[in-house]
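Below you'll find the structure, written out as structure tokens, and then a few comments.
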Amino acid sequence: MKSSLSEKDTAPLKSMEDWEEDLIIRYPEPKSSNKSRSAYRNYENSARTKTIREFYRLNHTYQTYDFVVGKEKEYLQFNKREMSFWEAIDFLNKLVDDSDPDTSLDQLQHLLQTSEAIRADGHPDWFVLTGFMHDMGKVLCLFGEPQWAVVGDTFPVGCQHSEKIVYSEFFQDNPDYHDDRFNSKYGIYQPNCGLDHVKMSWGHDEYLYQMMKDYLPEPALYMIRYHSFYPQHRENAYDHLMNDHDRKMFKWVDKFNPYDLYSKVPVPPDAKALRPYYEDLVAKFLPETLKF
Ligand code: FE
Ligand code: FE
């Protein structure tokens, strides 16, 4: 399947950041002024809308249950390469910069703005670290994964796609939509079975969760694993698969989301000056090298 995809098919977005920009349009900051809200709305008519649509068409068409099983087999052996946390950050930053020279914000800046906003609010150090690393799974792009298999709102596979998922009409082109094993409300799952038993569409969330699951406290792991699960944390579209423990833990996912979406500041944080603080923080929780 992959070989039949052209470059345009794998990368309709100018940069992965386009997806995040679109999220802010869809979910504007509650405290933002009306003026900036309408500025966001004008955005909707821009060329970006077309590329976002195309991005979701591909994502919804190709993210099948079998696709996820295949990616798990491929990536969860973690035998691609070994890097320190900082090498991974550099690695991620370079690619995103090269692919989009006029992007306003590189990945490191997004991570730092997220984590610094969390730190400024006095949250515990593991929460700050979570903010700092939450998008590191985007290195998947560097291993040749198409944009639609790295970013985008995530959703459960193996059961019916909620109509509350953005551009849900595109699921009609997904083979699972026509597969009786997968197209009922619960599909292969049991009512309120808990998200740990539910397979999510493949992307940077699940990949990083699997890499970090031995090192961080559970709330941090929920934030990493479900931060792109907008259909649930914003739309409550999958309550029927959640158990009470998930609901408790999603309070943390909800707490994290505004830092991810609304932490852009006019003056970017000084990465160099902040480096010693983050070096200590990373060393406190993570081993010297990580397997990707
Ligand atoms: Fe993310
Ligand atoms: Fe992010």
Legend entry - Hey, residue 182 away from ligand 1 (no atom under 16 Å from the Cβ) and touching a Lys or Arg at 6+ places or on another chain (Cβ under 9 Å) or not: no
Legend entry - Among (1) assigned to a loop (DSSP other than H, G, I, E, B); (2) surrounded by fewer than 19 Cβ atoms within 10 Å (Cβ to Cβ); (3) under 20 Å from the mean Cα position of the chain (by Cα), the one test that residue 154 misses: (2)
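Filter region 248-292 down to residues that are hydroxyl-bearing (Ser, Thr, Tyr), part of a helix (DSSP H, G or I) and in contact with a helix residue (DSSP H, G or I) (Cβ under 7 Å, 6 or more places away or on another chain), then give me how many there are. Can you show your working first?
Narrowing region 248-292 to residues hydroxyl-bearing (Ser, Thr, Tyr): 259, 262-263, 277-278, 289.
Of the ones still in play, those that are also part of a helix (DSSP H, G or I) are 259, 262, 277-278.
Now narrow it down to the ones that are in contact with a helix residue (DSSP H, G or I) (Cβ under 7 Å, 6 or more places away or on another chain): 259, 278.
Going through region 248-292 one residue at a time, the tally reaches 2.
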Legend entry - Within region 6-20, considering residues that are modelled with pLDDT of 65 or more and more than 16 Å from ligand 1 (Cβ to nearest atom), the one farthest from residue 146 (Cα to Cα): 14
Inset, instruction - Just one of (1) within 14 Å of ligand 1 (Cβ to nearest atom); (2) assigned to a loop (DSSP other than H, G, I, E, B); (3) among the hydroxyl-bearing types (Ser, Thr, Tyr) trips up residue 162, so point out which. - result: (1)
Legend entry - Residue check for residue 222: in a helix (DSSP H, G or I), touching a Ser or Thr at 6+ places or on another chain (Cβ under 8 Å) and aromatic (Phe, Trp, Tyr): no
Legend entry - Close pairs (7 angstrom Cβ cut-off, 6 or more residues apart or separate chains): more than 17 Å from residue 272 (Cα to Cα) and surrounded by 16 or more Cβ atoms within 10 Å (Cβ to Cβ) in region 75-103, modelled with pLDDT of 85 or more and of a type in the set (Phe, Trp, Tyr) anywhere: 75/207; 83/91; 83/292
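Which ones in region 186-199 are hydrophobic (A, V, I, L, M, F, W, C) and either buried (at least 21 other Cβ atoms within 10 Å of the Cβ) or assigned to a helix (DSSP H, G or I) (or both)?
195
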Inset, instruction - Looking at (1) among the aromatic types (Phe, Trp, Tyr); (2) within 12 Å of residue 156 (Cα to Cα); (3) within 16 Å of ligand 2 (Cβ to nearest atom), find the lone condition where residue 252 falls short. - result: (2)
Inset, instruction - All but one of (1) in a loop (DSSP other than H, G, I, E, B); (2) more than 20 Å from residue 164 (Cβ to Cβ); (3) in contact (Cβ under 8 Å) with a residue 60 or more places away in the chain hold for residue 214, so report the exception by its number. - result: (3)
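Is at least one residue of region 27-49 assigned to a helix (DSSP H, G or I), among the hydrophobic types (A, V, I, L, M, F, W, C), surrounded by 12 or more Cβ atoms within 10 Å (Cβ to Cβ) and at pLDDT 85 or above?
First, the residues of region 27-49 that are assigned to a helix (DSSP H, G or I): 34-44, 47-49.
Cutting the leftovers down to among the hydrophobic types (A, V, I, L, M, F, W, C) gives us 39, 47.
With the extra rule that they be surrounded by 12 or more Cβ atoms within 10 Å (Cβ to Cβ), the set shrinks to 39.
If we keep only those that are at pLDDT 85 or above as well, we get none.
Within region 27-49, not a single residue is assigned to a helix (DSSP H, G or I), among the hydrophobic types (A, V, I, L, M, F, W, C), surrounded by 12 or more Cβ atoms within 10 Å (Cβ to Cβ) and at pLDDT 85 or above.
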Legend entry - Failed criterion for residue 148 (all others in (1) within 24 Å of residue 220 (Cβ to Cβ); (2) in a helix (DSSP H, G or I); (3) touching a helix residue (DSSP H, G or I) at 6+ places or on another chain (Cβ under 6 Å); (4) modelled with pLDDT of 95 or more hold): (1)
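The values are calculated or read from the model by the stated rules, or taken from the named source; none is laboratory data. Keep in mind that what you see is a predicted model, and the values were worked out from it rather than measured. For neighbour counting, all protein chains shown are included, and Cβ atoms are generated from backbone atoms with ideal geometry for every residue, glycine included.
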